[in-house]
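A.B. asks: My questions all concern the structure below.
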Amino acid sequence: MLNEFKQLKKEYPDRILIGSIMEEYNKAAWHELIERVEESGVDALEINFSCPHGMPERKMGAAVGQDCDLLEEVCGWINEKATVPVWAKMTPNITDITKPARISLKSGCEGVSAINTIMSVMGINLKTLRPEPCVEGYSTPGGYSARAVHPIALAKVMNIAKMMKEEFADGQSLSAIGGVETGNDAAEFILLGADTVQVCTGVMVHGYGLVKKLCAELQDFMRQHNFSSIEDFRGASLPYFTTHTDLVHRQQEAIKQRKAIRKGLESDKDWTGDGFVKETESMVSN
């Protein structure tokens, strides 16, 4: 991979190359890995604290991202060594994703990315009675991705974005991931406050040509709303997320207001044949 990084930077010196790395619970190993990857010419590092296939028995991947004490320690090791910006990649397989995101940012990371894949069992073969996919008939829960995870990713990104807006004002960034296959998918993440959007499974399924399609569709969305730049709509939808209690209060207030202005009918003689539907609707709260 290091040779490929070097070749990429040689061929595309004006493009951004981010190295995604993972290591076991060993400070010296982390420092060696960071040094070698930085020497290859990467512009930033994304730290994999989230992969469900990350050998948890060796404290790798999601095993770190699910343990805030461990996460804080490892982030400290990484940020004392790294000389390029660092993003911490979050696992969705946790109750409150804002907790590890907050720890990562407080520990020196320039940003966070979310989400990684969702732990799942894909199915059971009803003929063999063995799990699928399998290796010699045996399996283990693994990461689920693509379109089905997009709504879950939106919720996790929204929670992180709200936390960052309220608690961090130093320019830390948020990179959104999860089920992106269209420009509209990317627009949704940006509307929630994401600074960048990542795609993996979409390209695996549809090929590299998907990238140009995403860009074109995102530009179409921007033209529809007369947006001239990403900044015109970044985070525009975030203020409209609230609590269930607040939603109930808002609905009750809206019903009161509609009742106050509702015309209604004084008596049966006020009904008209042509206006029947409209007159009926005037007496109903939406």
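The values are calculated or read from the model by the stated rules, or taken from the named source; none is laboratory data. Computed from a predicted model, the values in this text were never measured in an experiment. Neighbour counts run over all protein chains shown; Cβ positions are idealised from the backbone, glycine included. Calculation scope for accessible area: heavy atoms of the full protein, side chains included, ligands and nucleic acids excluded. Shrake-Rupley method; radii C 1.70, N 1.55, O 1.52, S 1.80 Å.
A.B. asks: Confirm whether residue 24 is among the acidic types (Asp, Glu), touching a helix residue (DSSP H, G or I) at 6+ places or on another chain (Cβ under 8 Å) and surrounded by fewer than 21 Cβ atoms within 10 Å (Cβ to Cβ). Reasoning before the result, please.
C.D. replies: On the way: among the acidic types (Asp, Glu): yes; touching a helix residue (DSSP H, G or I) at 6+ places or on another chain (Cβ under 8 Å): yes; surrounded by fewer than 21 Cβ atoms within 10 Å (Cβ to Cβ): yes.
Considered against the rule, which asks whether it is among the acidic types (Asp, Glu), touching a helix residue (DSSP H, G or I) at 6+ places or on another chain (Cβ under 8 Å) and surrounded by fewer than 21 Cβ atoms within 10 Å (Cβ to Cβ), residue 24 comes out as yes.
A.B. asks: I need a count of the residues in region 167-184 that are part of a helix (DSSP H, G or I) and buried (at least 18 other Cβ atoms within 10 Å of the Cβ).
C.D. replies: 1
A.B. asks: Let me ask another. Conditions: (1) within 18 Å of the chain's Cα centre (by Cα); (2) of a type outside the set (D, E, K, R); (3) over 24 Å from residue 147 (Cβ atoms); (4) open to solvent by less than 60 Å² (accessible area, probe 1.4 Å). Residue 239 meets all but one. Number of the miss?
C.D. replies: (4)
A.B. asks: Looking at (1) within 20 Å of residue 176 (Cβ to Cβ); (2) charged (D, E, K, R); (3) free of Cβ contacts under 8 Å to residues at least 40 places away in the same chain, which is the only condition residue 110 fails?
C.D. replies: (3)
A.B. asks: So which of 72, 35 ends up being modelled with pLDDT of 95 or more, within 28 Å of residue 141 (Cβ to Cβ) and surrounded by fewer than 18 Cβ atoms within 10 Å (Cβ to Cβ)? Before you say what the answer is, go through the steps one by one.
C.D. replies: Numbers: 35 fails: within 28 Å of residue 141 (Cβ to Cβ).
Of the residues listed, the single one that is modelled with pLDDT of 95 or more, within 28 Å of residue 141 (Cβ to Cβ) and surrounded by fewer than 18 Cβ atoms within 10 Å (Cβ to Cβ) is 72.
A.B. asks: Might you let me know whether region 201-211 holds any residue that is in contact with a helix residue (DSSP H, G or I) (Cβ under 7 Å, 6 or more places away or on another chain), within 22 Å of residue 44 (Cα to Cα) and not in a helix (DSSP H, G or I)?
C.D. replies: No, that holds for no residue.
A.B. asks: Every residue in region 200-236 that is open to solvent by 100 Å² or more (accessible area, probe 1.4 Å) and of a type in the set (Asp, Glu), please.
C.D. replies: Answer for region 200-236, where residues must be open to solvent by 100 Å² or more (accessible area, probe 1.4 Å) and of a type in the set (Asp, Glu): just 231.
Listed here are the residues, each with its yes/no results for (1) out of contact with any strand residue (DSSP E or B) (no Cβ under 9 Å at 6 or more places or on another chain); (2) of a type outside the set (A, V, I, L, M); (3) within 25 Å of residue 91 (Cβ to Cβ).
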{"residue": "1", "(1), (2), (3)": "no, no, yes"}
{"residue": "6", "(1), (2), (3)": "yes, yes, no"}
{"residue": "18", "(1), (2), (3)": "no, no, yes"}
{"residue": "26", "(1), (2), (3)": "yes, yes, yes"}
{"residue": "29", "(1), (2), (3)": "yes, no, yes"}
{"residue": "39", "(1), (2), (3)": "yes, yes, no"}
{"residue": "43", "(1), (2), (3)": "no, yes, yes"}
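A.B. asks: Now for a separate question. Conditions first: (1) more than 18 Å from residue 71 (Cβ to Cβ); (2) open to solvent by less than 20 Å² (accessible area, probe 1.4 Å). Residue 105 passes all but one, so which condition is the exception?
C.D. replies: It fails just one condition, (1).
A.B. asks: Here is a follow-up. Inside region 60-69, can you point out the residues that are surrounded by fewer than 23 Cβ atoms within 10 Å (Cβ to Cβ) and within 14 Å of residue 23 (Cβ to Cβ)?
C.D. replies: 60, 63
A.B. asks: Scan region 185-199 for residues that are touching a residue at least 40 places away in the same chain (Cβ under 8 Å), open to solvent by less than 50 Å² (accessible area, probe 1.4 Å) and either of a type outside the set (A, V, I, L, M) or in contact with a helix residue (DSSP H, G or I) (Cβ under 7 Å, 6 or more places away or on another chain) (or both) and jot them down.
C.D. replies: 187, 190, 192, 193, 194 - these are the residues of region 185-199 that are touching a residue at least 40 places away in the same chain (Cβ under 8 Å), open to solvent by less than 50 Å² (accessible area, probe 1.4 Å) and either of a type outside the set (A, V, I, L, M) or in contact with a helix residue (DSSP H, G or I) (Cβ under 7 Å, 6 or more places away or on another chain) (or both).
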